[in-house]
Amino acid sequence: MKKTFEVIKTVLTWLIVLLAVCMMVFTIVSVTTFDRNDRALFGYKMYIVRSDSMSATDFKAGDLILVRSVDPTTLQPGDIIAFTSQDSANFGETVTHKIRSLTTDAEATTYEGKPAFITYGTTTDTDDEMPVTYPYVLGKYEKCLSGVGNFFQFLKTTPGYILCIFLPFFLLILMEGINCVRLFKRYKSEEQREIQAQQ
């Protein structure tokens, strides 16, 4: 029975260590990689979806989406792209919308304009204010990890840090502390028995 308890305790300790380490790695990755236009992991840029503008067809707020860099000239209507918005309402923010059609930008001269895309969110089916020219395209949407963005957002909060990182390490330290106390008591008990035997 005692041996079984020791095995269970060892397994539990290692599970707590693994959980704590995984949470730390996830937190570091989320802080240094997600929502960063200059960072990629395994060839993908990763963004946490902030709105439901595409929830009617593809992904919703709280999802984590993977975007791969592509040559903008290869993009076609129906593709979903991430881009840096030039709209007045959300200037500079990263937006991921579907291409409705190919066009030229609003600054086009009488003779020639810069190639651009008319984009829209499928939930409202309303075109974005400004066409997206090639320099602002961040990549093409590849995959969605449903709900994963919410988890990583939670990790960045104080309750998330306490629950997912601090608590596992605290439990580990507590278990090791209890183990040290037991070993110390056992040592003192054996020492006392030796003294009594000598007397």
- Place a +1 charge on the Cβ of each Lys and Arg in segment 61-100 and a -1 charge on the Cβ of each Asp and Glu, then give the dipole magnitude about the Cα centre in debye, rounded to the nearest 20. 100
- Item | Longest exposed-site-free window of the chain, the sites being chymotrypsin sites (Phe, Trp or Tyr not before Pro) in a DSSP loop that have at most 15 other C-beta atoms within 10 Å | 112-199
- For the chain, return all DSSP H helices satisfying: extent of Cα atoms along own axis at least 18 Å; mean Kyte-Doolittle hydropathy at least 0.5. 2-32
- Send over the Kirkwood Rh of the chain, from the inverse of the averaged 1/r over different Cα pairs, rounded to one decimal Å. 20.8
- Query: Relative to the Cα centre, what is the charge dipole magnitude of the chain, using +1 at the beta carbon of each Lys and Arg, -1 at the beta carbon of each Asp and Glu, and rounding to the nearest 20 debye?
  - Reply: 1540
- Query: Can you give the longest stretch of the chain with no exposed loop site, where a site means GluC sites (Glu not before Pro) in a DSSP loop (not H, G, I, E or B) with at most 16 other C-beta atoms within 10 Å?
  - Reply: 1-92
- What is the calculated FRET efficiency for residue 158 to residue 15, with r their C-beta to C-beta distance and R₀ = 22 Å, to the nearest 0.05? 0.35
- Using DSSP to define loop residues, name the trypsin sites (Lys or Arg not before Pro) in segment 112-199 whose beta-carbon has at most 14 other beta-carbon atoms within 10 Å. 156
- Ratio of the Cα radius of gyration of segment 1-51 to 2.2 N^0.38 Å, where N counts its residues: 1.84
- Rounded to the nearest 0.05, what FRET efficiency do residue 114 and residue 38 give with R0 = 22 Å and r taken as the Cβ-Cβ distance? Could you check? 0.45
- Item | Accessible area expressed per residue, the chain, with surrounding protein chains retained (probe 1.4 Å, Å²) | 64
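The values are calculated or read from the model by the stated rules, or taken from the named source; none is laboratory data. Because the structure is a prediction, the values reported are computed rather than measured. With ideal geometry, Cβ positions are generated from the backbone for all residues, glycine too; neighbour counts draw on all protein chains shown. For the accessible areas, the whole protein counts, side chains as well, though only heavy atoms, and no ligand, DNA or RNA atoms are used. Shrake-Rupley method; radii C 1.70, N 1.55, O 1.52, S 1.80 Å.
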